[in-house]
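Enquirer: Below are the structure tokens for one structure; questions will follow.
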Amino acid sequence: MAGTGEVWPYLLRRFPGLDKITALDISHRMHLEAVDRLHGAYAEKIIHIEADALKTDLEANCADLLVSTFGLKTFNADQQAILARQISRILKPGGSFALIEASDPKGWALRPIYRIYLDKVLPMVERYFLRGANDFSMIGTYTRNFGDSTQMANALIEAGLSVEIKKHFFGCATSVAGMKPVGKE
């Protein structure tokens, strides 16, 4: 779920003493392309692990911070529950997490325009200007099915984590953030 690592430069600036980022993604090619295209200046700080986030055998209690940007919308409720348990297992006690996802802002007056943007405009821009990439071809369907981060927040709470859910941009994105309580192994 590390994707192309858009958040890595911000993490490295925010935490100047950060000596490494472990990037877990099922696609090794995506990681190589991201480092080549976007992150060459600090590639030595990025360690890639090719693995399924739902099945990873990362060591328990090994992460101080876990971040995911726009990777949740493809997971159903059962997969979100598995991911929540993985996050709880991987985080050190006192460790934090932050997950953000594009969402479907039901009830927002401008939702119909936003839906056109996700369903039609982004896939068309991708097709004609991004040389056939497929990052946005399903974003409309995924966000409609995902709704918002409420289900993930509930799964994280069930996994024993403290959770705060927030809406961003009138509900066009939602985030869940929190921490693993100290004393929880």
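Since every read-out is calculated from the coordinates, none of them should be taken as a lab result. As the structure is a computational prediction, the values presented were derived from the model and not from experiment. No Cβ is skipped: glycine too gets one built from the backbone with ideal geometry, and neighbour counts run over all protein chains shown.
Enquirer: Of all beta bridges DSSP finds with both residues in the chain, what is the antiparallel percent, to the nearest 5? Working shown, then result.
Expert: Values: 14 of 25 bridges.
Here the share of antiparallel DSSP bridges comes out near 55 percent.
Enquirer: Just to be sure I understand: with springs between alpha-carbon atoms less than 10 Å apart, which residue in Y114, Y128, Y42 has the highest mean-square fluctuation in the Gaussian network model of the chain?
Expert: Y128
Enquirer: Okay, moving on. Among G17, A77, I87, pick out the residue whose Cα is farthest towards the positive end of the charge dipole of the chain, where Lys and Arg carry +1 and Asp and Glu carry -1 on C-beta, about the Cα centre.
Expert: Farthest towards the positive end: A77.
Enquirer: State the label only: which of (1) 50; (2) 61; (3) 47 corresponds to percent of Cα pairs over 22 Å apart computed from the shown model?
Expert: Identified label for the calculated read-out: (1).
Enquirer: Now, a different point. For the residues S27, S175, S96, what sequence is obtained by ranking on other C-beta atoms within 10 Å, fewest first? Kindly include the intermediate steps, with their values, before the conclusion.
Expert: Working: S27 14, S175 21, S96 17.
Fewest-to-most Cβ neighbours within 10 Å comes out as S27, S96, S175.
Enquirer: Could you work out which residue, out of S137, S88, S68, moves most in a Gaussian network model of the chain, that is, has the largest mean-square fluctuation with Cα springs under 10 Å?
Expert: The residue that fluctuates most here is S137.
Enquirer: Anyone know which of P123, P16, P112 comes out most mobile in the 10 Å Cα GNM of the chain?
Expert: In the Gaussian network model the winner is P16.
Enquirer: Continuing with the same structure: Filter the cross-link list K45/K167; K20/K180; K73/K120 down to pairs whose alpha-carbon distance in this structure exceeds 28 Å. Kindly include the intermediate steps, with their values, before the conclusion.
Expert: Details: K45/K167 32 Å; K20/K180 21 Å; K73/K120 18 Å.
From the list (K45/K167; K20/K180; K73/K120), the Cα-Cα distance tops 28 Å for K45/K167.
Enquirer: Further question: How would L24, L65, L99 line up from fewest to most surrounding beta-carbon atoms within 10 angstrom?
Expert: On the way: L24 21, L65 16, L99 26.
With the fewest neighbours first, L24, L65, L99 line up as L65, L24, L99.
Enquirer: Could you line up M30, M152, M124, M1 from fewest to most neighbouring Cβ atoms inside 10 Å? Present the calculation step by step, with values, prior to reporting the outcome.
Expert: Working: M30 17, M152 27, M124 11, M1 22.
Least crowded to most crowded, the residues run M124, M30, M1, M152.
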